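Undergrad: I am attaching a structure below and will ask some questions about it afterwards.
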Amino acid sequence: MRYVLFVCAPADEEETAPIRVTARLRPPADATTVRVAGDEVLLGDGPFARTEEYIAGVDLVEADDLDEAIALAARHSAALGGGTVEVRPVRE
């Protein structure tokens, strides 16, 4: 089964640890949100959610089950550095 590991970083700093990732993301200040209201496309500055943490990158990993995915997340450099890694199954 595939899982996504969302690498979270504090909102006031950019996570810079080199890790094997699928994609590294730019800081929230560089984000653009897109919403649709009827036929109108509405653009906004910044991330879709204002929180104390933001998603700094994502890893796509293969694991036999959730327990193995959690074990991978626990060894992730972001988690070992005091950050947060969210584990989420991928829809097949």
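Undergrad: Going by average Cβ neighbours within 10 Å, how do the peptides 30-39, 79-88 rank, with the highest at the top?
TA: Highest mean packing first, the order is 79-88, 30-39.
Undergrad: Taking all protein chains in place and a 1.4 Å probe, what share, in percent, of the accessible surface of segment 34-87 do carbon and sulfur account for?
TA: The C+S portion of the solvent-accessible surface of segment 34-87 is 54 percent.
Undergrad: Got a sec to turn the phi values of segment 56-63 into Karplus ³J(HN,Hα) couplings, 6.51 cos²θ - 1.76 cosθ + 1.60 with θ = phi - 60°, whole Hz, x for Gly and Pro?
TA: After applying 6.51 cos²θ - 1.76 cosθ + 1.60, I find 9, x, 9, 10, 9, 10, 9, 8 Hz.
Undergrad: Moving to a separate point now. Solvent-accessible area per residue for segment 50-92 at a 1.4 Å probe radius, Å²?
TA: Ligands and nucleic acids excluded, the figure is 68 Å² per residue.
Undergrad: Near the amide H of Ala31, under 5 Å away, which other amide H atoms are found, from residues 5 or more places off or on another chain, if H is placed in the peptide plane?
TA: Gly46
Undergrad: Between Thr84 and residues 5 or more places away or on another chain, which pairs have amide H atoms under 5 Å apart, with H built 1.01 Å from N, and which residues are they?
TA: So Thr84 has HN proximity to Cys8.
The values are calculated or read from the model by the stated rules, or taken from the named source; none is laboratory data. Values in this document were obtained by computation on a predicted structure and should not be read as measured data. Heads up, the Cβs are rebuilt from the backbone with ideal geometry, glycines too, and the neighbour counts pull from every protein chain shown. Areas reflect the complete protein model, heavy atoms only, side chains present, ligands, DNA and RNA absent. Shrake-Rupley method; radii C 1.70, N 1.55, O 1.52, S 1.80 Å.
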